[in-house]
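Colleague: Once you've had a glance at the structure underneath, I'll fire off some questions.
Please treat every number below as a calculation from the coordinates, not as lab data. Keep in mind it's a predicted model, so treat the numbers as computed, not measured. Here the Cβ is made from the backbone with ideal geometry for all residues, glycine too, and neighbour counts use every protein chain on show.
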Amino acid sequence: MLLEFKDITYKYPGAVNEVFKDLSCSISAPGFHSLFGPSGVGKTTLAKMMIGGINGFSGEIITRGVDHILYTYNLERLPGWSSVREHFQSTTPVASKGKIDELAAAFGLEPCMNSRFAQLSLGQQNRTNLARYLLQDFDLLIMDESLANVDEVTKEKIILTMKAIFPDRCFLYISHSVAEVAKFCQQILVLRGRHRSPQTISLLGQDHSDGKAIIKKDLEQTMLEIVNAA
């Protein structure tokens, strides 16, 4: 599995300067990875390029073993006329229907399954939206602040469940939380902006999963490396 950005240059319509200038970086394995960087540096722009939502850039995005890419973002909304359970049942491929109850339990959604989407809290809505993408066929799932408004305990349970159920899939997690990306991610691509050289720095995270202990000193060192890189 390979996801590579090669010499990407892009300027927003009407902008004076490019957001990317000959940007190159890559991820070469399945796992839970991250795009990290300050607001406005182009994380969401790069994600939308991967799904064909933004064109007009030069350079190349190379994907090998990544045929189905999905993108989910914070505050995405579902139709409000059916319950969460009905929506899951009607949109989930047959091969994945057996995962509905498992994900609902892990995501803390069991009390919400008979409620309409509009009746849920923001955190419940984000968890529901993420779960429906996990029930689809995908090789890479881009999560753009998808776990915003979710408490830390539930967030950790969700990420660990995803890593356990989908060990052969690739996840690209966009988050502003240094602690989250340091603790859970395998590879962290830090976007620094076109005015800095290099524009990206690749770091190794702690890649925490069930059964793997986290050493506080190592986690703090990784967090410091991320902050310094950004």
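Colleague: How would VAL41, VAL84 line up from fewest to most surrounding beta-carbon atoms within 10 angstrom?
Modeller: Fewest to most other Cβ atoms nearby, the residues stand as VAL41, VAL84.
Colleague: Stretched out fully, how many nm does the piece from ASP210 to VAL153 gain, at 0.36 nm a residue minus the Cα gap?
Modeller: Full-extension gain reported as 19.1 nm.
Colleague: Using θ = phi - 60° and the Karplus curve 6.51 cos²θ - 1.76 cosθ + 1.60, what whole-Hz ³J(HN,Hα) does each residue of the stretch 30-36 get, with Gly and Pro shown as x?
Modeller: Going residue by residue, I get x, x, 9, 10, 9, 9, 10 Hz, with x marking Gly and Pro.
Colleague: Modelling each spin label as a point 7 Å along the Cα-to-Cβ direction, I'd like the ASP168/SER96 distance in nm, to one decimal.
Modeller: 1.6 nm
Colleague: Residue by residue, what Karplus-based ³J(HN,Hα) values in Hz, rounded to whole numbers, does the stretch 100-114 have, using 6.51, -1.76 and 1.60 with θ = phi - 60° and x for Gly and Pro?
Modeller: Couplings: 4, 5, 5, 5, 4, 5, 5, 8, x, 9, 3, x, 9, 4, 9 Hz.
Colleague: If packing is taken as the average number of other Cβ atoms within 10 Å across a peptide's residues, how do 171-179, 21-29, 125-133 rank, most packed first?
Modeller: Most protected by this proxy first, the peptides run 125-133, 171-179, 21-29.
Colleague: Could you please state, rounded to a whole Å, how far the C-alpha centre of the stretch 55-69 is from the C-alpha centre of the stretch 77-151?
Modeller: Here the two parts' Cα centres lie 27 Å apart.
Colleague: Looking at this model, which pairs from LYS6/LYS183; LYS99/LYS163; LYS6/LYS43; LYS6/LYS163 are more than 22 angstrom apart at the alpha-carbon?
Modeller: Result: LYS6/LYS183; LYS6/LYS163 exceed 22 Å.
Colleague: In degrees from 0 to 90, rounded to the nearest 10, what is the angle of the helix 152-165 Cα long axis to the longest principal axis of the chain?
Modeller: 90 degrees
Colleague: Between SER115 and GLU220, take the C-beta separation as r, use R0 = 45 Å, and let me know the FRET efficiency to the nearest 0.05.
Modeller: For SER115 and GLU220, the calculated efficiency is 0.65.
Colleague: About the Cα centre, and with charges only on the beta carbon of Lys, Arg (+1) and Asp, Glu (-1), how big is the dipole of the stretch 2-229? Nearest 20 debye, please.
Modeller: In debye, rounded to 20, the stretch 2-229 gives about 300.
Colleague: A follow-up question, please. Ranking LYS183, LYS97, LYS216, LYS43 by Cβ neighbours within 10 Å, fewest first, what do you get?
Modeller: Placing the least packed residue first, the sequence is LYS216, LYS97, LYS183, LYS43.
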